[in-house]
């Protein structure tokens, strides 16, 4: 168990900056998920922590010690690779025990610990097999066993579940969570899958373009996305975003027909100007057309998800998704109204993408 | 996809059979001629059935060409060259593929260029180096005037000499460097996923450990193929051993074969010559036959 601190960490390839000055503190025993689209620098960040990638600028500290110049083995981190990277010519037992063999641990001690890890991962039956004779899920377990046996200070996972099928992925997700609860080792998990991030993380770090967009618990990230990027990236279906103008009286105006009251709370005010309004599909409700305060729209198509369905509506070329658990008898072309609770509205600055909070009069007077 | 018809099949088999016959006929002649006596081997046409004099021909060839010691020399020579080539090329390719150092590209191209300079082309300088391996240093000292200086000031005569003629070192070393083998290994290393090297690194293996524990076992099929090819190649070397082994006691089997070939006015005992030929060509033949199973195993193995 160890804490990790990143101080203004940068990674550049020639003139190309991949990670721009990143600060992050990971507490001992925490499960951190780094989430972001491909190419956002999240894997590079992980590889810098483990020591496979040089740090161009800044410092990485593990347990308060700067590890910039240390070899991977000296950092006592273990990594699970996306393609598992099992040694193809070794048996499962040899794969798991390799790190101990390199470290000069005696054969009997090695065997004992390999068995122990294999039991914890339920792969005892395959110890004599070669990786080529294993299924994807079994290989995944072996890769985790190889990381576990070293009893590392930090576990690093580089999209380890992306090669598994959907069912197995959910099972392995639960398994990783269970293992973390049991071992309590500080873990950093990189993924582009928001479901993995939401279910696994104590805290999520959302990255985009080599920068951190937001750090927070899954609930914080979901309920209060800090930037327009986070708002659009998390949630399935993606948050509905529309650009418009905020009027001084607290009305969001997209055009003449689409006007939304923002906050009903007295004393709140929004800074005026151009803004992006976001509403989660789950937060919008379908109502009968023509209701006051409801936005008029036309049903475009309906996605059936079993337990719920997503109604995609269209108002004059702008598409909008509404998730609903009841079964409205709607067909494409029907006229509906959309009602949005002002409390479920997220606002972002049009230019910077920063979240706009309603400010109370008191706060503006006494900052 | 070519459509298979009986006529096409027969045609294919016919061509293949012809090719096989052309390839095997020389072997058959060697085998048959080695079993006849002097009279039968000189009849025209040569009998097509083997005779009964194989063992006496063989023992005659064996004693006349000192095959006992010569075959041993050949075996040591070919095995060392092949093993040396495998060791050197695996390590040379390892350094080129896995390490970033200044001059890496230059060294790669230098190795590449040696492909265009086979031993036959550089035989004179190579021989002169083998005659005195320290010759280049002596030349350097001579040219820089250090020899003269030592001679006049201290009365010291500098003569660096390390003769490699008639030694295994001289026979083997110049043949060990191989661009082909280095390329073979380079191509193989490039197919090894980077993640494997990274996983080994995280597991704590240093570069030498990774080479021994990962690359060598993974390249087993590669290694066997290279060793077999290079063993046969070295076994059949003629020019270099002929030059470097001036001592008749030292020579290798292939160069010694010429003593068995009947001279223009001598006894035309081709039966003995063929028996000697058979004895000399058997070891590489056996090796190829034995290693073929490993080749196939290496090729069908999915663990890569």
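Just one of the numbered conditions (1) touching a residue at least 12 places away in the same chain (Cβ under 8 Å); (2) assigned to a loop (DSSP other than H, G, I, E, B) is not true of residue A:34: (2). Of everything listed in (1) buried (at least 16 other Cβ atoms within 10 Å of the Cβ); (2) in contact (Cβ under 8 Å) with a residue 24 or more places away in the chain; (3) within 14 Å of chain A (Cβ to nearest Cβ), the single unmet condition for residue B:254 is (3). Residues of the stretch A:158-189 that are within 14 Å of another protein chain (Cβ to nearest Cβ) and surrounded by 18 or more Cβ atoms within 10 Å (Cβ to Cβ): A:158, A:159, A:160, A:188.
Out of all the residues in the stretch A:143-157, which are farther than 15 Å from residue A:74 by Cβ, under 23 Å from the mean Cα position of the chain (by Cα) and more than 9 Å from chain B (Cβ to nearest Cβ)? Correct list: A:144, A:155, A:157.
Checked against (1) modelled with pLDDT under 85; (2) surrounded by fewer than 14 Cβ atoms within 10 Å (Cβ to Cβ); (3) in the same structural domain as residue A:253 (by TED's automatic domain parsing), residue A:333 meets all criteria but (1). Only one of the numbered conditions (1) out of contact with any strand residue (DSSP E or B) (no Cβ under 7 Å at 6 or more places or on another chain); (2) at pLDDT 85 or above; (3) surrounded by fewer than 17 Cβ atoms within 10 Å (Cβ to Cβ); (4) within 25 Å of residue A:221 (Cα to Cα) is violated by residue A:280, and that is (3). Residue check: residue B:24 meets all listed conditions (1) within 19 Å of residue B:285 (Cα to Cα); (2) modelled with pLDDT under 90 but one, namely (2). Scanning the stretch A:38-56 for residues that are in contact (Cβ under 8 Å) with a residue 40 or more places away in the chain, more than 14 Å from chain B (Cβ to nearest Cβ) and out of contact with any strand residue (DSSP E or B) (no Cβ under 7 Å at 6 or more places or on another chain) returns a single hit, A:38.
Selection of the stretch A:84-122 for residues being assigned to a loop (DSSP other than H, G, I, E, B) and either modelled with pLDDT of 90 or more or away from chain B (no Cβ under 12 Å) (or both) yields A:85, A:86, A:87, A:88, A:89, A:90, A:91, A:103, A:104, A:105, A:106, A:122.
In the condition set (1) surrounded by fewer than 17 Cβ atoms within 10 Å (Cβ to Cβ); (2) more than 14 Å from chain A (Cβ to nearest Cβ); (3) not in a loop (DSSP other than H, G, I, E, B), residue B:248 is compliant with all but (3).
Select from the stretch A:2-35 the residues that are on the phi > 0 side of the Ramachandran plot and in contact with a strand residue (DSSP E or B) (Cβ under 8 Å, 6 or more places away or on another chain) and list them in ascending order. Those that are on the phi > 0 side of the Ramachandran plot and in contact with a strand residue (DSSP E or B) (Cβ under 8 Å, 6 or more places away or on another chain): A:8, A:21, A:29.
Counting only helices (runs of 4 or more DSSP H) wholly contained in the stretch B:128-230, the ones carrying 3 or more residues that are buried (at least 18 other Cβ atoms within 10 Å of the Cβ), within 14 Å of chain A (Cβ to nearest Cβ) and at pLDDT 90 or above occupy B:194-202. Taken together, the residues in the stretch A:72-83 that are part of a loop (DSSP other than H, G, I, E, B) and more than 8 Å from chain B (Cβ to nearest Cβ) amount to 1.
Name the single residue that is surrounded by the most Cβ atoms within 10 Å (Cβ to Cβ) among those in the stretch A:51-65 being outside any loop (DSSP other than H, G, I, E, B) and within 27 Å of the chain's Cα centre (by Cα).
A:60
Only residues that are surrounded by 12 or more Cβ atoms within 10 Å (Cβ to Cβ) and either more than 17 Å from residue B:57 (Cα to Cα) or modelled with pLDDT under 80 (or both) were counted across the stretch B:262-291, and they come to 6.
Criterion first (in a loop (DSSP other than H, G, I, E, B) and more than 14 Å from chain A (Cβ to nearest Cβ)) does residue B:264 satisfy it? Write out each step before concluding.
On the way: in a loop (DSSP other than H, G, I, E, B): yes; more than 14 Å from chain A (Cβ to nearest Cβ): yes.
Yes; evaluated as a whole, the condition is true for this residue.
If you go through the stretch A:123-135 one residue at a time, do you hit one that is in contact with a strand residue (DSSP E or B) (Cβ under 8 Å, 6 or more places away or on another chain), away from chain B (no Cβ under 14 Å), at negative phi and crowded, with 18+ Cβ neighbours inside 10 Å? No, the conditions are met nowhere in the stretch A:123-135.
The values are calculated or read from the model by the stated rules, or taken from the named source; none is laboratory data. Worth saying up front: this structure is predicted, and the values here are computed from it rather than measured. Quick reminder, even Gly has a Cβ in these numbers, built from the backbone with ideal geometry, and neighbours come from all protein chains shown.
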